[in-house]
Amino acid sequence: MPKAIVFTEYGGPEVLRLDEVGLPAPGPHQVRVAVRAAGVNPVDWKRRRGKGFAEAGAPLAGPQRLGADVAGVVDAVGPDVTAFTAGDEVFGRAADGAYAEYAVCNAEDLVPKPPELPWQTAAVVAISAETAVRTLRELGIAEGAARGKTVLVHGASGGVGAIAAQLAVLWGAQVIGTAGPSGQELVRSFGAEAVEHGEGWAERVKALAPGGIDAVLDAPGKGVLPESVALTGDPAKVVTIADHRAAGLGVAYSRGMVHRLGMREVFGEVLPLLSSGRLRVVIGAEFPLHEAAAAHRLSESGHPGGRIVLLVDQRTPTGGQR
Ligand SMILES: NC(=O)c1ccc[n+]([C@@H]2O[C@H](COP(=O)([O-])OP(=O)(O)OC[C@H]3O[C@@H](n4cnc5c(N)ncnc54)[C@H](OP(=O)(O)O)[C@@H]3O)[C@@H](O)[C@H]2O)c1
């Protein structure tokens, strides 16, 4: 029987286990994907922990699945699907958990995978790219509207920040990216200026941008909002995706669940850059599916050194079942 990573109680990485889950059936407007690779995002371990670690151990109604970032081969199509047929190579967002041999996806959340895009890259790019494009737009940074602007990206070595920093550079902005010591060279390789995060970061940014900062994206959410607002002089020029203190400072907290862009819209813009190598996605670590717990430990460290991918090397055959 096909397997997936599941958890039945909130808790640490040890609650994750590979279990038999049966073959999911695609509903209307859905397809089933034979997963080749799944991306690990911080939201996955936040879900695994539950709302506040205090709930660890609280039983759940049934086995929960994880994973939004998926790449694989369409294996069965549900009613009303015209965009894909069995055998198509795709990537995007999964509806029922991508840490699995098979995952159901809404057809509108998938895009065709170009042959030159490696499975690992395709599996880790959808969530980060959608978030990067969405938040840059909210800051008024887009193709044709970035030249002459100075953009600060906190966490430019991370999944979302690396794509945001590169897009802003490609669109003509001056970009300053914060990262830890080991991420400095990477950020510079994007064509951005690199600054170490931590104590004194704002002074280091000011030294590079004496004329001020026009827009700030805070990806890590580690308490940089007050100084970011001071640097821009206007909370409307700052967007965070991870700091819940935003509202108290008049800063926008951008949430995918509220304002998510369509995958086709995002990749219409991003895919040509990825395919031509102008936009790079750094893979920090690869794990086999059954080592999802180890992948979570690395992601939870806060310094994954690039995107983390789970690989599905062998799968349970479907026996032609739909
Ligand atoms: N609201 C939304 O729509 C949305 C969407 C996607 C993600 N998110 C959230 O956004 C956050 C970032 O996601 P991600 O995928 O980019 O994470 P990630 O790939 O794990 O990257 C983490 C980044 O944070 C930096 N960092 C770690 N500790 C830091 C500190 N103390 N001060 C400053 N920077 C620090 C890391 O830098 P070094 O490793 O170089 O030290 C790295 O650049 C997560 O909380 C995630 O849940 C929200």
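In the set (1) within 15 Å of the ligand (Cβ to nearest atom); (2) over 18 Å from the mean Cα position of the chain (by Cα); (3) loosely packed, with under 14 Cβ neighbours inside 10 Å, S301 fails one condition alone, (2). Within the stretch 230-245, residues that are within 18 Å of E203 (Cα to Cα) have Cβ atoms under 6 Å from residues that are in a loop (DSSP other than H, G, I, E, B) in these pairs: L231/I213; T232/I213; V238/V251, counting only partners at least 6 apart in sequence or on another chain. Only one of the listed residues (G180, G198, G155) is in the same structural domain as A132 (by TED's automatic domain parsing) and within 17 Å of the chain's Cα centre (by Cα). That residue is G155.
Among the strands (runs of 3 or more DSSP E) confined to the stretch 206-322, the ones with at least 2 residues that are out of contact with any Ser or Thr (no Cβ under 9 Å at 6 or more places or on another chain) and not basic (K, R) are located at 283-288, 307-311. Total residues in the stretch 74-125 satisfying the condition of being within 17 Å of the chain's Cα centre (by Cα) and at pLDDT below 95: the figure is 1.
Among the candidates L289, L249, the residue that is under 19 Å from the mean Cα position of the chain (by Cα) and either within 23 Å of R48 (Cα to Cα) or surrounded by 14 or more Cβ atoms within 10 Å (Cβ to Cβ) (or both) is uniquely L289. The residues in the stretch 5-22 that are out of contact with any Phe, Trp or Tyr (no Cβ under 6 Å at 6 or more places or on another chain) and hydrophobic (A, V, I, L, M, F, W, C) can be counted, and the count is 4.
So, of the residues in the stretch 158-177 that are within 18 Å of the chain's Cα centre (by Cα) and outside any helix (DSSP H, G or I), which turns out to be farthest from the ligand (Cβ to nearest atom)?
Only one residue tops the list, namely G177.
The values are calculated or read from the model by the stated rules, or taken from the named source; none is laboratory data. This structure is a prediction, so every number in the text was calculated from the model and none was measured. Virtual Cβ from ideal backbone geometry, glycine too; neighbours counted across all protein chains shown.
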